[in-house]
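Take a look at the structure set out below.
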Amino acid sequence: MALFVAKRLLMALATVLVVAVLAFLLVHAMPGSPGAVSLGAGASQDAIDQLNRQLGWNDPLVSQFARWLGDAAQGNLGVSLIDGRSITADLANRLPVTASLAAGATILSAVLGVALGVTAAVRGGLLDRAIGGFVGLLVALPAFWVGIIFVYLFAVQSSVFPATGYVPFEVSPQDWALSLALPVITLAVGGAAFIARQTRASMLEALQQEHIRTLRATATPTWKILYVHALRYASLPIVAGIALQFIGLFGGSVIAEQLFAMPGLGQAVQTSVSTHDAPAVQGVVVIATVVVVAVNLVLELATKFLDPKLRAS
Amino acid sequence: MPRPGRAALTRLSRHRLLGSPGAVAGLVWLAALVIASLTAPLWLPFKTEDQDFTAVLSGPTAAHWLGTDELGRDILSRIFAAAAGTLGTSMITVIVGVGLGTILAMLAAGAGERTETAISRVTEVMMSLPGTVIILAVIGAVGTNIPLVMAILGILMSAGIYRVILGQAKSLQSQLYVDAAKVDGLGPLGISVRHVLPGLANTVVVQAALIFAVGMLIQAGLAFIGFGPPIPQPSWGGMIQGASQHVYDAPWMMVPTGAVLALTVLSANAIGNALGKAPNAAAPHLPSAADRRQRAKAVAAIAAAARDAEETGDAGTDAGAKGTLSVRNLSVGVDNAGTGTGVQLVTGVSFDVEPGTVLGLVGESGCGKTMTALSLLGLLPSGVSATGGQILWNGRNLAATPDKDMQSVRGREIALISQEPMRALDPMFTVGYQLTATIRRLRGMGRSEARAEAHSLLEKVGIVDAGRILKTYPHQISGGMAQRVAVALALSGRPKLLVADEPTTALDVTVQAEILSLLRALVKDTGMSVVMVTHDLGVVADICDQVAVMYAGHVVENGRTAAILDNPRHPYTLALLAADPHANHADSMPERLATISGQVPQPKDWPAGCRFAARCQFAGSACLEPVPLLPSSAGDGLVRCVKADQLAIEGMDWLATDVPAGRLLPVSPVSSATPEPAPEQDSIVEKDLA
Ligand code: SF4
């Protein structure tokens, strides 16, 4: 088990490093030098060249990357080319927004998805088919479109929730929850559908196992077979599915943040990409990767812990 | 697994596609969309950029069927103008993603473990990346070059496709015909393309349809956040983003585009799901609530039939002695909700098991032995139920007993041991938990008392270090040990009858003998009776007092074990004995073992006459009539063969394998045409036997 954890940690580190290199290269392929981006249109070529030299833009790529990596390791992701603010500080402010969004959506999807999937598998018949159809519809609905409909229904027609904006938790926990509600629900629609499918399939697979028959042959009550034994067996693939879904929802937050004007990481990616703010893009890609990889690692270890075969070895 | 021929596959795909209304609708919608968008310039009422300032933000009107946007542009025209681009660029993702994923999977499957591990690692990393964020960074570098972005998206998605396809590619790669092709000198590339790829075709198409849908959604999402095709070119995501600016004043605007996008995604998903549907998944061992209701109806029907019989007075419900199991005329069939005429799997089975005796149910697989055995506990798989007859046990007809009442029988009165001990135990819980929970439930004991009982039960089934075994998980013990645990589990409710479904088949020979002697000892000590399902006549000779030989869903011969083994009357019993190395007495051991050519017919193919006729060496025209089960001339048993007496008198044996082909009767599937054996063939049989 310790060896397994060490291996996974190493792989997570490697993943982050690979993405860092990738992001670095992508950023260097962006049109326009940092000097040009920073000084904006109308700057003289001399001034641009001068700034580029200052930023080390003309150094060999390897030494530029080494410098970036050294700074990043100390928590310094550089400054924005557009307004000179510290990227680390900016992202630190934005991370909680996206984290609440993605975590909220993941939890909501997991709860709804597992409930729907288990119900479909356990009840069968007409209800199973109805849930199947409903879930199929949810999977096909674009999140941003669902979001607009929610805004129309709950913010425009009846102002239950605020349509846009984000209130930090420290300011008002209640408003924080209200401001998260619509974006979280929006994201969870698709997520819940995916998890419902995964759960249904895993539950059916579990119920096909022969030990279920042994349990019945020893007069185990139906609820116990379903919710203790079958669900326990199905929990491995379900948790793996939830881990995968978290990655998707983290990405989906880009759209939710745009739609609901939330100052999160997704918004940062979107603006820094549109403004060609190279260090900001690089920083946010790496931070997003770190978060996703870390959460995945935790969920993966959880899955392994659920599996007696791996736990024992 | 037969090699999946390309033609057969296409047939299957077509069948599944056309069998699903959703998929058909999806195909129609996609085709209509493609045609409409390709011919758009010919019929669209407006150009995409035409602005109608008299109708800005209008709802549907006669002029603008789907309304207009904030610049007065016709939404219908823009939707269809954008369709070709959206569908086309999503195809890029499909081709790159599915293509790369498939190639990687075939490479990993064909090139050995090292390559597979390497590729799997890389794809794992790819799957754990925040794809959306990376795609946005790519857009930062290459701009909104949609085809290129969609191609890179395909690369990111290939990892997931690889994971889906790998298992299947590996199993195809390990097929015998692939080995044969290797021997013939076909290179790895040739094998992949000629033998593996065709087998993957269906999965690949399924993945393509699903990825197509995801590609469209992501592309629209990108356009929605401003990374779509350059303005003023229309795109679905861009149009929805435009609509989102007007939720307050023109909510209608988001409806048409969103609906078209959702419908298109839905279509692709429907096609993928219809193709990807597993043809026949295994039945769950715990039926769904809906299936249990279905089952309850079947049980109620049997109970009603039994009541009717009782009223008319011709019921044979003599409850029998206590502890005796009497199965009377039992039939088991596939549920058929609509017509009530599902295929029968077991028909007219009757037998008795006296207390303290062992009955063997013998036959090849597919003869209905296991179905018969499981019906004793009411544990038939989902979709199958007892359809008639009686299972009389302690004055109750178990065939007509509702599931909730069976709970008091299962484990406490009748227990089950299954074939594969490893799979019969729950891999997620320790042996100790499974045993103590069962003991507490069945015996109403407290926790510590049950724990002690579990310990002593394990010792009783011959486990020396019971304390250690209690703490282990099933995967940590050997198969023989697991079967002992399974026996202990079955004993925990002190049952009077044990149903053992091939309890030794999956075990090593030495372990088999141990388990058999354990069972024999248990019968002697506890006085319980056993119904032993087996295909092994050695097991029968070893432990059974009575035997019922089953073929194609009914009993063809039964009686005392000694009588059956020494004086078999039914040709199928003869054949089984001739084919079994252990059942032959050492002195009469033939030089060559006989085989029974052909296979047990499928239940739907059972002929009206003797069900064994297609494989019987002695079949004649008299065998085409239904054959009753009649008293056998040997002992007090019964036999179902028109020639039983004749064969006994002539002392004929089932002949060993290399019987000249002409001597065997045609083994044509019994269902097709009449299996009328030609007279001269019949006489050949007689002559050769003489
Ligand atoms: S009835 Fe005819 S076909 Fe059937 S077992 Fe007897 S001899 Fe063979």
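With the crude spin-label approximation of a point 7 Å out along Cα→Cβ, what separation in nm comes out for B:GLU514 versus A:LEU61? That separation, rounded to one decimal, is 6.4 nm.
All other residues whose Cβ lies under 14 angstrom from that of B:ALA301 are scored, Lys and Arg at +1 and Asp and Glu at -1, for a net of +2.
Per-residue Cβ counts within 10 Å, from other chains only, averaged over B:421-427: what number is that?
Numbers: counts 2, 2, 5, 8, 4, 13, 7.
Mean shielding by partner chains, rounded to a whole number: 6.
Once the Cα atoms are used to define both axes, helix B:289-312 deviates from the longest principal axis of chain B by about 40 degrees. Taking chain B, how much of its Cα-Cα pair set, in percent, is spaced more than 51 angstrom apart? Pairs farther apart than 51 Å: 34 percent. Beta bridges assigned by DSSP with both partners in the protein assembly as shown are antiparallel in approximately 60 percent of cases.
Ranked highest first by average number of other Cβ atoms within 10 Å, how do A:280-290, B:180-190 line up? Let's see the in-between values first.
Numbers: A:280-290: 26.5, B:180-190: 11.9.
The packing order, highest mean first, is A:280-290, B:180-190.
Pick out the long, greasy-scoring helices in chain A: whole DSSP H runs spanning 30 Å or more along their own axis by Cα, mean Kyte-Doolittle at least 1.0. Span-like helices in chain A: A:2-28, A:87-123, A:231-260, A:278-306. Couplings 3J(HN,Hα) of region B:404-410, computed from phi: 5, 6, 5, 4, 7, 8, 4 Hz, in residue order, whole Hz [Karplus 6.51 cos²θ - 1.76 cosθ + 1.60, θ = phi - 60°; x for Gly and Pro].
Listed by chain and number, the lysines whose alpha-carbon sits under 20 Å from that of B:LYS170, ignoring those within fewer than 8 places in the same chain, are B:LYS182.
Could you tell me the calculated FRET efficiency between B:VAL28 and B:GLN233, based on Cβ-Cβ distance and R0 = 30 angstrom, to the nearest 0.05? Can you show the working numbers first?
Numbers: r = 28 Å, r/R0 = 0.92.
That gives a FRET efficiency of 0.60.
If you count, for every residue in A:15-22, the Cβ atoms of partner chains within 10 Å of its Cβ, what is the mean? Could the numbers behind the result be given before it?
Numbers: counts 5, 2, 0, 4, 7, 0, 0, 4.
Average per residue, whole number: 3.
Remark: spin-label model distance B:ALA562-A:ALA92 equals 9.2 nm, labels positioned 7 Å along the Cα→Cβ axis.
Out of all DSSP beta bridges in chain B, what portion is antiparallel? Express it as a percent rounded to 5. DSSP beta bridges in chain B are roughly 60 percent antiparallel.
Exposure proxy ranking for A:SER63, A:SER202, B:SER20, B:SER597, based on other Cβ atoms within 10 angstrom of each Cβ and starting from the fewest, stands as A:SER63, B:SER597, B:SER20, A:SER202.
FRET efficiency for the pair B:ARG163 and B:ASP636, taken as 1/(1 + (r/R0)^6) with r the Cβ-Cβ distance and R0 = 56 Å, rounds to 0.35.
In whole Å, what is the distance between the alpha-carbon centres of region B:388-404 and region B:174-244? Result: 54 Å between the Cα centres.
Going down the list A:LYS309/B:LYS471; B:LYS322/B:LYS496; B:LYS496/B:LYS524; B:LYS471/B:LYS524, which pairs span over 20 Å between their C-alpha atoms?
Numbers: A:LYS309/B:LYS471 14 Å; B:LYS322/B:LYS496 10 Å; B:LYS496/B:LYS524 12 Å; B:LYS471/B:LYS524 30 Å.
From A:LYS309/B:LYS471; B:LYS322/B:LYS496; B:LYS496/B:LYS524; B:LYS471/B:LYS524, over 20 Å: B:LYS471/B:LYS524.
Neighbour counting of Cβ atoms within 10 Å sorts the residues B:LEU210, A:LEU178, fewest neighbours leading, into A:LEU178, B:LEU210.
Sites listed here are trypsin sites (Lys or Arg not before Pro) in region B:26-121 whose DSSP assignment is loop and whose Cβ has at most 14 other Cβ atoms within 10 Å: B:LYS47.
Taking amide H as placed 1.01 Å from N in the peptide plane, B:GLY360 has its amide H under 5 Å from the amide H of B:MET532, B:ASP545, B:GLN546, B:VAL547, B:ALA548, each at least 5 places away in sequence or on another chain.
Of the trypsin sites (Lys or Arg not before Pro) in region A:202-268, not one is in a loop by DSSP (not H, G, I, E or B) with at most 14 other beta carbons within 10 Å.
Take each of the peptides B:554-566, B:640-652, average the number of other beta-carbon atoms within 10 Å over its residues, and list them starting from the highest. Kindly include the intermediate steps, with their values, before the conclusion.
Values: B:554-566: 22.3, B:640-652: 17.6.
Ranked by mean Cβ neighbours within 10 Å, highest first: B:554-566, B:640-652.
Using a Förster distance of 51 angstrom, determine the FRET efficiency expected from the C-beta separation of A:VAL5 and B:ALA181, and round it to 0.05. Please list the in-between numbers first.
Numbers: r = 43 Å, r/R0 = 0.84.
It comes out at approximately 0.75.
So what's the gap between the Cα centers of region B:534-555 and region A:170-222, to the nearest angstrom? Each part reduced to its Cα centre gives a spacing of 47 Å. In chain B, the longest principal axis of the Cα atoms and the axis of helix B:509-526 are about 60 degrees apart. Spatially, region B:472-520 and region B:96-127 are offset by 42 Å when compared through their Cα centroids. About the centre of its Cα atoms, the protein assembly as shown shows a dipole size close to 1240 debye [charges on the beta carbon of Lys, Arg (+1) and Asp, Glu (-1) only; nearest 20 debye].
Quick one: compute a quarter of the convex hull surface over the Cα atoms of the protein assembly as shown and quote it in nm². Mind showing how you got there, number by number?
Working: hull surface 208.3 nm².
Averaged projected hull area, Cα only: 52.1 nm².
Quick check of the Kirkwood formula: for region A:90-310, what is the inverse mean of 1/r over all pairs of different Cα atoms, in Å? Could you put the intermediate results ahead of the total?
On the way: mean 1/r = 0.0529 Å⁻¹.
Roughly 18.9 Å, rounded to one decimal.
The charge dipole of chain B, taken about the Cα centre with unit charges on the Cβ atoms of Lys, Arg (+1) and Asp, Glu (-1), comes to about 1620 debye, rounded to the nearest 20.
Using Cα atoms only, what is the angle between the long axis of helix B:131-142 and the major principal axis of chain B, expressed in degrees (0 to 90) to the nearest 10? Helix B:131-142 sits roughly 30 degrees off the main axis of chain B. Label-to-label distance for B:SER171 and B:SER597 is 3.2 nm, based on points extended 7 Å past Cα in the beta-carbon direction.
Sorting B:MET150, B:MET239 from the fewest to the most surrounding beta carbons within 10 angstrom yields B:MET150, B:MET239.
For B:LYS297, a cut-off of 18 angstrom between C-alpha atoms picks up these lysines, skipping any fewer than 8 places away in its own chain: B:LYS404. Taking a straight line from the alpha carbon of B:LYS47, these aspartates and glutamates sit under 12 Å away, with near neighbours fewer than eight places off in the same chain left out: B:ASP74. Can you find, among B:SER37, B:PRO21, B:ALA108, the residue sitting farthest towards the positive end of the charge dipole of region B:16-109, where Lys and Arg contribute +1 and Asp and Glu -1 at Cβ? Towards the positive end, the residue furthest out is B:ALA108. Scanning chain B for chymotrypsin sites (Phe, Trp or Tyr not before Pro) in DSSP loops with at most 15 neighbouring Cβ atoms within 10 Å leaves B:249-690 as the longest stretch between them.
Throughout, read-outs are computed from the coordinates displayed, never taken from laboratory work. Everything quoted here is computed from the prediction, not taken from an experiment. Neighbour counts run over all protein chains shown; Cβ positions are idealised from the backbone, glycine included.
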